[in-house]
Amino acid sequence: MGADPDPDLIASITPDVMRCLDDSGFFEKLDDVLCPKDEYRSAESCSGDYELSESILRASGFEKSDFEDIFGVLRAKGGFCDCEILYNVSDSNRLKCRYWRAKARGIEGHTRHRPG
């Protein structure tokens, strides 16, 4: 991915990009990969990039040419990798709930990035 898109462009497209991501179920799908609803499925680990998100976006019909704008919007909202999208961009998800539940019990709950 190249340089971040123009901040004015990102601000102008953010509502539409977020609507498209919501409508596609992107955040729920990412949450299900990083924190599966089914306790018998193992969770994927964040690699500190957008590897999981890119796979979900492709499977949801987004074009690779859309990724720069999508990830520009997500970075502007604090989503600098797959897990940070859920922690900082998505309002409600299991990964964020698991983190705060663990923190309330005095346990380290933050997702660790897998080695690259």
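Indicate the gyration tensor shape class of the range 7-104 (rounded, prolate or oblate), computed on the Cα atoms with a ≥ b ≥ c the square roots of the eigenvalues: a/c under 1.5 is rounded; otherwise a/b larger than b/c is prolate and the rest oblate.
It comes out prolate by the Cα gyration axes.
So what is the relative contact order of the range 7-104, in percent, for Cα pairs below 8 Å that sit 6 or more residues apart?
The value is 30 percent.
Please order C20, C97 by the number of other Cβ within 10 Å, starting at the fewest. Don't skip to the end; give the middle numbers.
Details: C20 16, C97 13.
Neighbour counts put them in this order, fewest first: C97, C20.
Calculate, for R114 and K64, the FRET efficiency according to 1/(1 + (r/R0)^6) with r their C-beta to C-beta distance and R0 25 Å; round to the nearest 0.05.
0.60
Report the number of Lys pairs in the chain whose alpha-carbons are under 19 Å apart, with separation of 8 or more residues or on distinct chains.
Going through the chain pair by pair, I get 6.
Which stretch or stretches of the range 25-62 have amide N atoms under 13 Å from the point lying 7 Å from N88's Cα along the Cα→Cβ direction?
Only 48-50 fall inside the zone, counting backbone N under 13 Å.
Nothing charged except the Cβ atoms of Lys and Arg (+1) and of Asp and Glu (-1): what's the magnitude of the dipole of the range 7-104 about its Cα centre? Round to the nearest 20 debye.
Working: 13 positive and 20 negative charges, 108 e Å.
Rounded to the nearest 20 debye, it is 520 debye.
Quick note: the coordinates plus some simple rules give every number you see, no bench work behind them. Keep in mind that this is a model prediction, so the values were computed, not measured. Here Cβ is always computed from backbone atoms with ideal geometry, including for glycine, and neighbour counts include all displayed protein chains.
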